[in-house]
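Beneath this line is the structure, given in structure tokens, with notes to follow.
The values are calculated or read from the model by the stated rules, or taken from the named source; none is laboratory data. Since the structure is predicted, the reported quantities are computational estimates derived from the model, not experimental observations. Note that we place each Cβ from the backbone using ideal geometry, even for glycine, and neighbour counts take in every protein chain shown.
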Amino acid sequence: MYANLSASAKGSLCMIGGTFLLTTQDGITKWLTTDYHAGEILFYRGIGTFLPILVLVWYGGGWRTLRSGNLPGSLVRGGFALATSLFVVLSFVQLPLADALALIFISPILLTALSVPLLRESVGWRRWSAVLVGFFGVLFMVQPGEGGWQYFLAFPLIAACLSAGRDIVTRHLRTADTSLSMLFYSMLISLLGGAVTLPFGTHFPSLGEWALFLIAGVLNSLAHLLSIQALLMAPAATVAPFRYLSLVWAAFIGYLVWGDVPDSLKIVGAVLVVGAGLYILHRETRPSRRPRPTG
């Protein structure tokens, strides 16, 4: 069945799978922010990210699979990935998981808007409408205007801008690099970036914490691999809205772990987000209509 789907449908399914893995990893990361600063998390978690990479390199043809056809572009993407991860972790320190992600996931709106002038991708009115519905769902969940502006709200907004920039670079690299090579350079730069911060304060993890860091790293690696593959297979405006689904999963994790209970507006927002994502999935997986032969 999967083999019969269009490239856009396959990309959409990859993004959905990557979204759930990444949000689960985000929950583990937020748990670890209680005892570890952002740099430590990037470093210790970064060690775990290389476990899936090594397995894929081993079975995928050796180290030549990591060769980049555009090394400067891969390094730029890695810089965006490092900065995005840093501000995401800082967001988790200050905000509930679902609230932080709700602000971070303005990035699909930015990506959809930027994909037209920068990537020259075509965005139909139906997809624009679904994206906007998802955006209004985010507003329902965030409920802007309550409590006034607080400085740490800038962290997830900066992360959203950096995430959109990273995805734009990913689309530019789709003909030069594989998803595995892009993942490798991004994770390597994140690991090194985290290592630079260790002299400013280091806590050696316990055995249980090592397990959490390694699990988070593996999930992070697999999630980004799926997300990269999604952007290589389908237009950015098609797959980006499925990241909204992580808001629903984040609310569920927040309730189970921290007892966060969403109010009625957040529930309405979640319904809008899921509905928009499912509508786009329906549009991408339905058989293409071909004109009937005449004469």
Test result for Pro52, farther than 19 Å from Arg166 by Cα and either at pLDDT 85 or above or in a helix (DSSP H, G or I) (or both): yes
Residues located in segment 180-234, provided they are among the β-branched types (Val, Ile, Thr), assigned to a loop (DSSP other than H, G, I, E, B) and at pLDDT below 90: Thr202
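Just a yes or no: is a residue in segment 155-165 among the β-branched types (Val, Ile, Thr) and buried (at least 20 other Cβ atoms within 10 Å of the Cβ)? Talk me through it step by step, then tell me what you get.
Of segment 155-165, the ones among the β-branched types (Val, Ile, Thr) are 158.
Narrowing further to those that are buried (at least 20 other Cβ atoms within 10 Å of the Cβ): none.
No, that holds for no residue.
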Residue match in segment 28-41 (condition: in a helix (DSSP H, G or I), among the aliphatic types (A, V, I, L, M) and over 16 Å from Ser190 (Cα atoms)): yes
First in segment 158-179 and part of a helix (DSSP H, G or I), second anywhere and of a type in the set (S, T, N, Q) and modelled with pLDDT of 85 or more, Cβ under 7 Å, 6 or more apart: Ala159/Thr84; Ala159/Ser91; Leu162/Thr84; Ser163/Thr84; Arg166/Thr84; Ser179/Gln229
Checklist (1) crowded, with 22+ Cβ neighbours inside 10 Å; (2) in contact with a Gly (Cβ under 8 Å, 6 or more places away or on another chain) applied to Asp260, failing item: (1)
Test: Asp177 is among the acidic types (Asp, Glu), under 19 Å from Arg243 (Cβ atoms) and either crowded, with 19+ Cβ neighbours inside 10 Å or at pLDDT below 90 (or both): no
Complete set of residues in segment 80-133 that are under 13 Å from Cys161 (Cα atoms) and not aliphatic (A, V, I, L, M): Phe80, Thr84, Ser85, Phe87, Phe105, Ser107, Pro108, Thr112
Filtered residues of segment 16-61 (kept if acidic (Asp, Glu) and over 15 Å from the mean Cα position of the chain (by Cα)): Asp35, Glu40
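If I go through segment 1-12 residue by residue, how many of them are in contact (Cβ under 8 Å) with a residue 12 or more places away in the chain and surrounded by fewer than 24 Cβ atoms within 10 Å (Cβ to Cβ)? Steps first, answer last, please.
Pass one, segment 1-12, residues in contact (Cβ under 8 Å) with a residue 12 or more places away in the chain: 5-12.
Still in the running and surrounded by fewer than 24 Cβ atoms within 10 Å (Cβ to Cβ): 5-10.
Count: 6.
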Test result for Ala154, in contact (Cβ under 8 Å) with a residue 40 or more places away in the chain and either in a helix (DSSP H, G or I) or closer than 19 Å to Gly78 by Cβ (or both): no
